[in-house]
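One structure is given below, encoded as structure tokens.
The values are calculated or read from the model by the stated rules, or taken from the named source; none is laboratory data. Owing to the predicted nature of the structure, the values given are computational and were not obtained by experimental measurement. Positions of Cβ are generated from backbone atoms using ideal geometry, with glycine treated the same way; all protein chains shown enter the neighbour counts. Just so you know, the surface numbers come from the protein's heavy atoms only, side chains and all, with ligands and any DNA or RNA stripped out. Shrake-Rupley method; radii C 1.70, N 1.55, O 1.52, S 1.80 Å.
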Amino acid sequence: MTLKQQRIVASLDVGSNKIVCLIGYINAMGKVFIKGIGHQQSRGIQNGRITNKKEAEKSIISTISLAEKIAGYSIQSITINISTSEVSSSTINTNLQLNGKEVKNTNITAILKDIRDILKKEGKEIIHLMPLQYALDNNIVESPYGMEAENLRITFHLLSTTKNNLVKIKDCMKTMMVNINNYVSNGYATSLSVLEETEKELGVMILDIGYNSTNISIVYNNKYVYEGNISIAGDNITKDISTILKTTYLTAEKIKVMNTNFTISKKDEDELIKINIDTDEDFMASQNKISLINNIAKARIEEIVELALAKIKEKQLQNVPKYIVITGGTALIPGIDMFISSIAGLEARVGYNDNFNIQDRKMAVELKSPIYSVSMGILRFIQNKYKDGGTDSEDNSIFLNFLKKILT
């Protein structure tokens with residue numbers, strides 16, 4: 001099959017610590033095959049926001065170029081993430097008087113247009129608009145299309161961002177001559193890559209513990225109902241180690257990666273930390289026990305879990321999750337799932353990216369990691385749009401595809 005018979009797809013995960021680009025194709029059966037990966041350290045980006053355009057452009061160009069080289073072909077368009085810290089999550093209710101008439105396409109289109117117009121006046125743009133519930137004359141229905149009623153009420157989950165934020169991203173991408181097809185929020189992308197069907201049905205909270213923030217997502221009854229963010233993550237653990245052991249940040253990061261392990265025995269925790277001793281600072285740090293590093297990490301992770309639970313309680317979602325799925329770099333700490341389960345009183349596991357077609361064995365092992373949950377989820381988003389007959393173009397990605405889904 002030639003590339004003309006296939007559809008080249010690409011995802012870009014722009015994070016505060018790393019940038020990841022994945023390139024592949026969708027075959028005639030709608031399956032995604034990943035062919036290339038590029039990742040570089042982020043520069044000019046803080047908390048998911050572009051703070052230095054030139055530095056950000058260099059990082060993104062380098063990442064995309066590397067992925068193109070490995071994949072063996074160039075891209076003309078890409079789907080990019082929007083950091084949860086830049087996303088506003090809200091539930092909105094809309095009402096439309098039908099006066100006994102049946103629900104038609106024009107009714108739904110009018111509702112969507114009204115929502116978009118209101119947001120534009122506030123300087124905001126829709127990222128995702130997801131129907132949570134339909135009611136005709138206060139009677140809940142699965143789909144309102146073709147049914148007669150006096151009143152139609154639709155409850156949506158709205159994820160939006162500021163227009164200024166999108167302008168910065170677009171300006172940054174112009175230099176690369178690559179079009180942006182769609183935007184996907186971090187949390188929604190992660191939910192597409194790591195969740196199991198039972199979790200989505202019964203209720204699950206995703207904790208994406210990244211570099212300097214933790215994303216919180218809730219999926220319940222197969223609906224994406226909430227996305228939020230707290231400003232504590234893996235970076236705070238490193239800073240704590242640096243402060244307590246009086247080391248540089250880089251040394252503290254090495255110590256964290258090499259020694260944090262919640263599965264080891266009490267006896268092994270009494271061993272001195274492992275570190276390559278090159279300086280006096282390294283030697284002084286090496287005189288501390290592994291138990292100290294574990295206790296530092298546990299304290300911060302416990303704080304993250306407590307803040308996440310408090311946040312969903314504030315949104316009256318505290319009784320929703322039956323499971324917790326952990327992703328992000330901090331999810332790689334051995335035993336973190338058991339530790340979080342003991343704190344939250346919920347079943348917890350680490351989220352891995354499965355069910356993707358990756359021919360290169362080394363690449364397949366790497367991309368399964370929870371570190372790549374956002375970039376892999378973006379590819380799943382593209383795949384879902386392709387299966388739904390979406391055009392994958394920015395202008396109608398939100399409204400036309402959404403319209404098609406809720407009316408069928």
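Which of rounded, prolate or oblate describes the stretch 270-371 when judged by the alpha-carbon gyration tensor and an a/c cut-off of 1.5? Here the stretch 270-371 falls in the oblate category.
Please give me, ordered by residue number, the trypsin sites (Lys or Arg not before Pro) of the stretch 100-136 that lie in loop per DSSP and have at most 15 other Cβ atoms within 10 Å.
On the way: sites: K101, K104, K113, R116, K120, K121, K124; in loops: K101, K104.
Of the trypsin sites (Lys or Arg not before Pro), the ones in loops of the stretch 100-136 whose Cβ has at most 15 other Cβ atoms within 10 Å are K101, K104.
Using 0.36 nm per residue and subtracting the Cα-Cα separation, the extra length available between T243 and M147 on full extension is 28.2 nm.
In whole percent, how big is the carbon plus sulfur part of the accessible area of the chain, probe 1.4 Å, protein atoms only?
48
Of all DSSP bridge pairs formed entirely within the stretch 54-175, close to 95 percent run antiparallel.
State which stretch of the chain is the longest one without any exposed GluC sites (Glu not before Pro), exposure meaning a DSSP loop state and at most 14 other Cβ atoms within 10 Å.
Answer - 272-408.
In the set (1) 126; (2) 150; (3) 142, which value of volume of the Cα convex hull per residue in Å³ was calculated from the structure you see? Entry (2).
Take the Cβ-Cβ distance between N99 and E271 as r, set R0 to 56 Å, and report the resulting FRET efficiency rounded to the nearest 0.05. Calculated transfer efficiency: 0.15.
When the helices of the chain are scored as -39500 (n - 2.57) per DSSP H run of n ≥ 4 and the total is divided over every residue, the value at 222 nm lands at -12000 deg cm²/dmol.
Treating only the Cβ of Lys, Arg, Asp and Glu as charged (+1, +1, -1, -1), what charge dipole size does the chain show about its Cα centre? Round to the nearest 20 debye.
On the way: 48 positive and 45 negative charges, 208 e Å.
Roughly 1000 debye for the chain.
The accessible-area ordering, largest first, of the residues L166, L332 stands as L332, L166, per a 1.4 angstrom probe. Per residue, the accessible area of the chain comes to 48 Å² when a 1.4 Å probe rolls over the protein heavy atoms. Assign one of three labels to the stretch 29-95, namely rounded, prolate or oblate, based on the Cα gyration tensor with a ≥ b ≥ c the square roots of its eigenvalues; rounded applies when a/c is under 1.5, prolate when it is not and a/b is larger than b/c, and oblate otherwise. Since a/c reaches 1.5 but b/c is at least a/b, the shape of the stretch 29-95 is classed as oblate.
Cross-link partners for K35 among the aspartates and glutamates, with Cα-Cα distance under 18 Å and sequence neighbours closer than 8 places in the same chain left out: D13, E68, D354, D360, E366. Cross-link partners of K168 among lysines, defined as those whose alpha carbon lies under 24 angstrom from its own and excluding same-chain residues fewer than eight positions apart: K18, K53, K54, K58, K120, K121, K124. Checked against a 31 Å cut-off, the cross-linked pairs K200/K387; K104/K385; K69/K113; K163/K256; K163/K246 give Cα-Cα distances beyond that limit for K69/K113; K163/K256; K163/K246.
Take the alpha carbon gyration tensor of the stretch 1-138, find the square roots of its eigenvalues, order them as a ≥ b ≥ c, and report rounded if a/c is under 1.5; if not, report prolate when a/b exceeds b/c, else oblate. Walk me through the numbers on the way to the answer.
Details: a/c = 3.38, a/b = 1.63, b/c = 2.07.
Oblate, since a/c reaches 1.5 and b/c is not below a/b.
Computed from Cα positions, the angle between helix 234-245 and the longest principal axis of the chain comes to roughly 20 degrees.
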